[in-house]
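The values are calculated or read from the model by the stated rules, or taken from the named source; none is laboratory data. This structure is a prediction, so every number in the text was calculated from the model and none was measured. Reconstructed Cβ throughout: ideal geometry from the backbone, glycine too, with neighbour counts over all protein chains shown. We work out accessible area using only protein heavy atoms, side chains counted, and drop any ligands, DNA or RNA first. Shrake-Rupley method; radii C 1.70, N 1.55, O 1.52, S 1.80 Å.
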Amino acid sequence: MLTQAPRGTKDVTPELSAGWQVIEARMRDICARMGYREVRTPTFEHTELFLRGVGDTTDIVQKEMYTFQDKGERSVTLKPEGTAGVVRMLLEHKLFAEALPLKLYYLYSPVFRYDKPQAGRYREHHQFGVEAFGAAMPTVDAEQIALFWNLLTGLGLRDLSLHINSIGCPVCRPTYQAKLKEFLAGKLDHLCGTCKGRFDRNPMRILDCKSPECQAQLEGAPSVLDCLCEECKDHFDGLQAALATVNIPFEIDPRIVRGLDYYTKTVFEVLTKEVGGASLAVGAGGRYDGLVEQLGGPAMPGVGFGMGMERVLLVMERQGLLPGPANVADVFLCVQGESARLPALQLTMALRDAGIRADTDHMGRSLKAQFKYADKCGAKVVAVLGDEELATGQVTLRDMTTREEVRVSLAEAPAALQMKLSI
RNA sequence: GUGGGUGUAGUUCAGCGGUUAGAGCGUCAGAUUGUGGCUCUGAAUGUCGUGGGUUCGAUUCCCACCACCCACCCCA
């Protein structure tokens, strides 16, 4: 128990961290090129923020939040998603008064949901996400989706599909919901238990119910896309035109609804086709034009998405895209005899100062064992410092590929090694 | 939250109601005097997931709990 990570959490061990660093570097790079700047928000927030932001009828809020009282009797909650915290930051620092649009991203943001863990699903996972505030035009939706898509394809992921939909706005959605309820009213008895409850609370959630009975009842149901108001329709058309222009392949799926209450107009998901199982969502997002105002800020449109980093890594692992083990040192300096120990440490530090990935013995091993260890470290050059070398102020350099050995003076060693390693 | 499966060295896995529980890989050491990858030899490491029960005796059978995996639900 003591030596076991809590249920649903996962360690990043040394051999795993390289993969994280690869995706993080890509995220930073693509965001920098697209004008998104990094933000970091707290791991926990006042519970109220999520009740009002995410929506208190959602599954996330109703049964999955890590909520507790702190010692000051405040109710706080570990972030169950990334957007609410960023909006809170926007309001607190009045970032909405800056030049718009404000384009932000976060990565390795911990997200907590109390759920039963299984492959690709954790109680703590980490999200990469982007948010753009102030821009109402569909080109920004498309730009974000392109960012997302290009990130994933750039990482080498295959078998992805992008699904988009529009769920309307406060003007047209009530009309659609009324139509849908009218359509379903007679079929209520044939819906599953959860959907019976959804009928009054949030009838659109029935659309993406996975149960076959419900899906059967939805045959011939009105499509939200037929009920969009002019503004929403123009926006959705504009999104499709923009996506086509930047060559992002997409499918329209009128059944996408999403589990968070704040979405308006655009919603989208990126799925990966998994063999023998259901497709896994690696990320999803959409537009939330009413959220900033709902949380007490000015009326300001917004759009964003969140991506599960563990899921991307999982897909990369399954598709053989993770980097192999990296070497830990380019140069290993062997210590031969105790009188060489401190000079070896000194030389190793000098090599490091010269930008060389160098290491030396800290185990008191035999020379042979030091060579074996150097080999395991992936050293391209092994240096030896012993009595013979110390007597002449030199160090022996052995090229581990060609087995050639040369001796150079201690002072020349950094430059000689830089040359050999072509740094 | 519901249903099913699994749990034995660091790791991948054998094994059996009965003596000191095994193998491959990994780790460490050695194969003479200052030199790696290959090979050979040897060594260390297990409360057999945890706690109960059945039994003369349990790692093996039963129950509970914990963890992981799979499906559902939900979602990233």
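Every residue, every condition in (1) within 13 Å of RNA strand B (Cβ to nearest atom); (2) of a type in the set (Gly, Ala, Ser), yes or no:
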| residue | (1), (2) |
| --- | --- |
| A:Met349 | no, no |
| A:Ala354 | no, yes |
| A:Ser366 | yes, yes |
| A:Gln370 | yes, no |
| A:Gly378 | yes, yes |
| A:Val381 | yes, no |
| A:Val384 | yes, no |
| A:Leu390 | yes, no |
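Does A:Tyr105 meet the test of being out of contact with any His (no Cβ under 8 Å at 6 or more places or on another chain) and buried (at least 20 other Cβ atoms within 10 Å of the Cβ)? Yes; evaluated as a whole, the condition is true for this residue. Restricting the search to helices (runs of 4 or more DSSP H) fully inside region A:192-284 and requiring at least 1 residues that are touching a Phe, Trp or Tyr at 6+ places or on another chain (Cβ under 7 Å) gives A:230-245.
Among the residues of region A:225-252, those that are open to solvent by 40 Å² or more (accessible area, probe 1.4 Å) and either in contact with a helix residue (DSSP H, G or I) (Cβ under 6 Å, 6 or more places away or on another chain) or closer than 18 Å to A:Pro203 by Cβ (or both) comprise A:Leu225, A:Asp226, A:Val246, A:Phe250. Taken over region A:292-302, the residue count meeting the criterion of being in contact with a Gly (Cβ under 9 Å, 6 or more places away or on another chain) and either assigned to a loop (DSSP other than H, G, I, E, B) or modelled with pLDDT of 95 or more (or both) is 6.
For region A:48-74, the candidate set comprises residues that are buried (at least 19 other Cβ atoms within 10 Å of the Cβ) and without any contact (Cβ under 8 Å) to a residue 40 or more places away in the chain; within that set, the residue that is farthest from A:Phe133 (Cα to Cα) is A:Val61.
Cβ-Cβ distances below 6 Å connect the following pairs, each with a first residue in region A:394-422 that is free of Cβ contacts under 8 Å to residues at least 24 places away in the same chain and of a type in the set (A, V, I, L, M, F, W, C), a second residue that is surrounded by 14 or more Cβ atoms within 10 Å (Cβ to Cβ) and assigned to a strand (DSSP E or B), and a separation of six or more residues or different chains: A:Leu397/A:Val381; A:Leu397/A:Ala383; A:Val406/A:Leu397; A:Ala416/A:Val408. Figure legend. Inter-residue proximity from region A:363-392: first residues on the phi > 0 side of the Ramachandran plot, second residues in a helix (DSSP H, G or I), beta-carbon distance below 9 Å, spacing 6+ or different chains. Indicated pairs: A:Gly364/A:Glu338; A:Gly364/A:Arg341. Taking helices (runs of 4 or more DSSP H) as the structural unit, those lying wholly within region A:323-423 and holding at least 3 residues that are open to solvent by 50 Å² or more (accessible area, probe 1.4 Å), at pLDDT 95 or above and aliphatic (A, V, I, L, M) correspond to A:341-353.
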